[in-house]
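Scroll down for the structure; my scribbles are underneath it.
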Amino acid sequence: MSDSLAIPAQPYPFPLPPGRTALIVIDMQRDFIEPGGFGAALGNDVSTLVPAIEPVARLLALFRKRGWLVIHTRESHRPDLSDCPPAKRQRGKPGLRIGDDGPMGRILVRGEAGNAILPACAPIPGEIEIDKPGKGAFYHTDLQTILEARGVTHLVFAGVTTEVCVQTSMREANDRGYECLLVEEATESYFPAFKATTLEMIRAQGGIVGWTARLADLEAALA
Ligand code: C5J
């Protein structure tokens, strides 16, 4: 692809075509990153996700500066929970289940305070916001229609958590023919070992799911 930039990445440089690349930021929500949300209700130490905030904000600045497409997702359910299968609501033994009242409103429900994206990573006018009832960004959403309408072929991924919603979305995108790059510092997991393993899984076997790159390398390539 002659008009593409070569981004230093693993397992080999990622070809980034400027007019056809979008940033997709997965679930940088209070429900996952702040105490009192869904992540904490599941017994996780939510502070493990905090290191992703600043790199995600830098990535947003990078794409905004160039006027490139930015998409944000939120894992969320309708207030009547009609899009939340019982298998999802009842899984595990959380302190609070999806739909229960928590300190930031109803857990993982659309429009509640806890469901919002953190101010540091919040969408600005013109950016696309996708509410998704599943882990994957394509499941029961119009993401693919939006990408096709814009002629997007390459996706740069960031967000939380690495091995759940980020990896699921990246695999969905890979199966749909998108070239996918995950920015290493701009994603975190409640389990550091899961993050490390997910990065390895993505880029193993010649990039079976996609590529991973350091934020500084992407910033330098786009400078
Ligand atoms: C989880 C997510 N971990 N956004 N959601 O349940 O990764």
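The values are calculated or read from the model by the stated rules, or taken from the named source; none is laboratory data. Predicted model, so just to flag it, every value in this text is computed and none were measured. Heads up, the Cβs are rebuilt from the backbone with ideal geometry, glycines too, and the neighbour counts pull from every protein chain shown.
So, Leu218, is that one farther than 21 Å from Phe138 by Cα, more than 16 Å from the ligand (Cβ to nearest atom) and in contact (Cβ under 8 Å) with a residue 40 or more places away in the chain or not? Considered against the rule, which asks whether it is farther than 21 Å from Phe138 by Cα, more than 16 Å from the ligand (Cβ to nearest atom) and in contact (Cβ under 8 Å) with a residue 40 or more places away in the chain, Leu218 comes out as yes. So which of Val46, Val56 ends up being in contact with a Cys (Cβ under 6 Å, 6 or more places away or on another chain) and either at pLDDT below 95 or closer than 27 Å to Pro192 by Cβ (or both)? Going through Val46, Val56 in turn, the sole match is Val56. Here is the figure for segment 173-195: residues that are more than 10 Å from the ligand (Cβ to nearest atom), assigned to a loop (DSSP other than H, G, I, E, B) and closer than 22 Å to Leu118 by Cα total 1.
Go through Thr73, Thr153 for me and flag whichever is modelled with pLDDT of 95 or more, in contact with a Lys or Arg (Cβ under 7 Å, 6 or more places away or on another chain), among the hydroxyl-bearing types (Ser, Thr, Tyr) and farther than 22 Å from Ile33 by Cβ.
Working: Thr73 fails: farther than 22 Å from Ile33 by Cβ.
Going through Thr73, Thr153 in turn, just one is modelled with pLDDT of 95 or more, in contact with a Lys or Arg (Cβ under 7 Å, 6 or more places away or on another chain), among the hydroxyl-bearing types (Ser, Thr, Tyr) and farther than 22 Å from Ile33 by Cβ: Thr153.
If you go through segment 64-84 and keep only what is out of contact with any His (no Cβ under 6 Å at 6 or more places or on another chain) and more than 21 Å from Gln167 (Cα to Cα), you end up with Arg64, Lys65, Arg66, Gly67, Trp68, Arg78, Pro79, Asp80, Leu81, Ser82.
Evaluating Val160 against the criteria (1) modelled with pLDDT under 95; (2) of a type outside the set (Ser, Thr, Tyr); (3) within 14 Å of the ligand (Cβ to nearest atom) leaves one unmet condition, (1).
Set side by side, the residues Ile124, Ile130, Ile146 differ, and just one is part of a helix (DSSP H, G or I), within 15 Å of Leu23 (Cα to Cα) and either within 16 Å of the ligand (Cβ to nearest atom) or not small (Gly, Ala, Ser) (or both), which is Ile146. Within segment 149-172, being assigned to a helix (DSSP H, G or I) and touching a residue at least 40 places away in the same chain (Cβ under 8 Å) holds for Arg150, Cys165, Val166, Gln167, Ser169, Met170. Could you tell me whether any residue of segment 179-199 is touching a Leu at 6+ places or on another chain (Cβ under 6 Å), under 24 Å from Val152 (Cβ atoms) and among the hydroxyl-bearing types (Ser, Thr, Tyr)? The answer is no; no qualifying residue exists.
Residues in segment 33-86 that are without any contact (Cβ under 8 Å) to a residue 40 or more places away in the chain, in a helix (DSSP H, G or I) and either crowded, with 20+ Cβ neighbours inside 10 Å or of a type outside the set (A, V, I, L, M) (or both): Ser47, Lys65, Pro86.
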